[in-house]
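Chemist: This is the structure I want to talk about, given as structure tokens.
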Amino acid sequence: MARTENKSADKAKFRFYYAAAASLGALSVALGAFGAHALRGIISEPALATFNTGTRYQMIHAVALLVAIRFAEDTSSKWFLGAARLLLIGIVLFSGSLYGLVLLHWNFLGPVTPLGGASLIAGWVFLTIGFLKPPTHAGRESSH
């Protein structure tokens with residue numbers, strides 16, 4: 001019984017990450033269009049470049065999040081799941097802080113951006129470790 005409950009909880013966890021990645025990807029396209037059409041001429045070119053950095057990083061890392069969660073689901077690797085968590089946190093902190101800085105002039109978010117960047121970097125490192133760490137025959141990571 002507990003095994004069935006765990007599988008159900010795992011499926012719900014994976015669905016959450018898949019939905020988050022897809023939503024973040026869609027939001028990235030919408031925000032990119034908003035920046036290109038609504039913000040051009042209203043905000044400075046450097047501010048628009050900052051905004052576009054947020055949308056670009058959001059899209060790239062939404063795709064990376066899809067990869068991480070797919071491998072987490074297939075391998076049960078803690079590294080891939082950790083990568084998914086770090087990438088999601090990084091997207092919210094990095095891109096979210098850039099949007100807040102540009103659109104709302106919330107300067108207190110300035111120090112948040114590098115924290116988000118560090119989380120994104122850590123997510124890539126976790127992905128790398130997940131790919132390098134050999135799986136066992138049961139789909140679990142090797143303890144060697």
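The values are calculated or read from the model by the stated rules, or taken from the named source; none is laboratory data. Note that the structure is predicted; figures quoted are calculated from it, not measured. Neighbour counts are summed over all protein chains in view; Cβ atoms, including those assigned to glycine, are modelled from backbone coordinates with ideal geometry.
Chemist: Among the listed residues ALA138, ALA118, which satisfies the condition of being surrounded by fewer than 18 Cβ atoms within 10 Å (Cβ to Cβ) and either closer than 20 Å to SER28 by Cα or at pLDDT 95 or above (or both)?
Modeler: None of the others qualify; the one that does is ALA118.
Chemist: Keeping to the range 67-79, report how many residues are hydrophobic (A, V, I, L, M, F, W, C) and either under 12 Å from LEU120 (Cβ atoms) or over 12 Å from the mean Cα position of the chain (by Cα) (or both).
Modeler: Residues meeting the conditions: 4.
Chemist: Moving on to the next point. Please go through (1) at pLDDT below 95; (2) more than 19 Å from LYS11 (Cα to Cα); (3) of a type in the set (Ser, Thr, Tyr) for SER76 and return the number of the only condition it doesn't satisfy.
Modeler: Tallying (1) at pLDDT below 95; (2) more than 19 Å from LYS11 (Cα to Cα); (3) of a type in the set (Ser, Thr, Tyr), SER76 fails exactly one: (2).
Chemist: Moving on. Given the criteria farther than 24 Å from ALA122 by Cβ, surrounded by 16 or more Cβ atoms within 10 Å (Cβ to Cβ) and at pLDDT 95 or above, does ALA64 qualify?
Modeler: Criteria not met by ALA64.
Chemist: In this structure, does GLY35 turn out to be more than 18 Å from GLY116 (Cα to Cα) and without any contact (Cβ under 8 Å) to a residue 40 or more places away in the chain?
Modeler: yes
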